[in-house]
Amino acid sequence: MEKRKEITFKVIARIRSDFPDKFGIPRQSGLLKNLRSTIVFEPEFRNADALRGLDGFSHLWLLWIFSENVRDTWKPTVRPPRLGGNTRLGVFATRSSFRPNPLAMSCVKIEKINLTGEGAPSITVSGADLMDGTPIVDIKPYLPYADSVPEATGGFAEAVRFNKLEVSFADGVFAPGSAAAFPEQKKAALVELLSEDPRPAYQRSADRIYGIRFAGFEIKFQVQGDHLTVVAILPLQA
């Protein structure tokens, strides 16, 4: 009997996050504790019974699709950004988005299970590393006794660590008429995001002004040594 070569997945939900594009998204899930996102189920799966018992868990595994990197071909080696984009490793030794099947997994913390309100049921989570609108194909509870391996080794990802940056804001960034409308409740997440150094590993110019889009604003910043300075926060055009 010939085995099936292709399997079709259903999109069960999509993430609603503060990242409208890929640049600036955390390198891994769980790094930004203050970052909030919402899992919004597709109409077919918008059933509270599907979440029964979930309130007993603290964390979830999200299985999702690299929807911006879907390709018909694949390569056995990739160049991980963590290594500066110059070293090739086997695709299965990395978490690169350029894979035979564009699947990803993220561990997130459950902040709230929303059973009422618009789009209910939905799940508010923290620590997600997904772009806004990313399709999710499955959700599974995190099991500490099975999923945590304290003695595990991290390969090249452990050997190459990024130092956290000290973050400050230039005078006038939050002055009235500039970024005064930036949500106060999102400032902690913004500082976490910037402290992780969102620049690509191969871009380290001290003179360059970088920009990422986050929470409806363009955040412009400059990095000199271990210090990042936000020079402007500009509302995005609707």
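Is segment 1-85 rounded, prolate or oblate when judged by the Cα gyration tensor, a ≥ b ≥ c being the square roots of its eigenvalues, rounded requiring a/c under 1.5 and prolate requiring a/b larger than b/c?
Because a/c hits 1.5 or more and a/b fails to exceed b/c, segment 1-85 counts as oblate.
Taking R0 as 30 Å, what FRET efficiency do you get between residue 87 and residue 185 from their Cβ-Cβ distance, rounded to the nearest 0.05? Intermediate results must be reported in sequence, preceding the final value.
Numbers: r = 40 Å, r/R0 = 1.32.
E between residue 87 and residue 185, to the nearest 0.05, is 0.15.
With the full set of protein chains in place, find how many percent of the accessible area of segment 19-176 is carbon and sulfur; take the probe as 1.4 Å.
Heavy-atom surface of segment 19-176 belonging to carbon and sulfur, 1.4 Å probe: 52 percent.
Run lengths n ≥ 4 of DSSP H only: what is the helix-derived mean residue ellipticity at 222 nm for the chain, with -39500 (n - 2.57) per run over all residues, to the nearest 500?
It lands at -1500 deg cm²/dmol.
With the cut-off at 18 Å, tell me which of the pairs 187/220; 109/164; 33/109; 10/75 have Cα atoms farther apart than that.
Too far apart for the 18 Å limit: 109/164; 10/75.
Using r as the Cβ-Cβ distance of residue 71 and residue 203, and R0 as 30 Å, what FRET efficiency do you calculate, to the nearest 0.05?
For R0 = 30 Å, the calculated efficiency reads 0.80.
Which residues does the label zone of residue 120 cover in segment 30-49, counting backbone N under 13 Å from a point 7 Å along Cα→Cβ?
47-49
Please state the charge dipole magnitude for the chain, taken about the Cα centre, from unit charges on C-beta atoms (+1 on K and R, -1 on D and E), reported in debye and rounded to the nearest 20.
That gives the chain a dipole magnitude of about 640 debye.
Between segment 1-44 and segment 110-168, what's the alpha-carbon centroid distance in Å?
10 Å
Arrange the residues 164, 5 by how much accessible surface each exposes, largest first, with a 1.4 angstrom probe.
5, 164
Calculate, for residue 7 and residue 222, the FRET efficiency according to 1/(1 + (r/R0)^6) with r their C-beta to C-beta distance and R0 35 Å; round to the nearest 0.05.
Efficiency, rounded to the nearest 0.05: 0.15.
Using the Cα gyration tensor of the chain, with a ≥ b ≥ c the square roots of its eigenvalues, what is the shape: rounded (a/c below 1.5), prolate (a/b larger than b/c) or oblate (neither)?
Cα axes put the chain in the oblate bin.
The values are calculated or read from the model by the stated rules, or taken from the named source; none is laboratory data. Everything quoted here is computed from the prediction, not taken from an experiment. Heads up, the Cβs are rebuilt from the backbone with ideal geometry, glycines too, and the neighbour counts pull from every protein chain shown. These area figures cover heavy atoms from the full protein model, side chains too; ligands, DNA and RNA do not enter into them. Shrake-Rupley method; radii C 1.70, N 1.55, O 1.52, S 1.80 Å.
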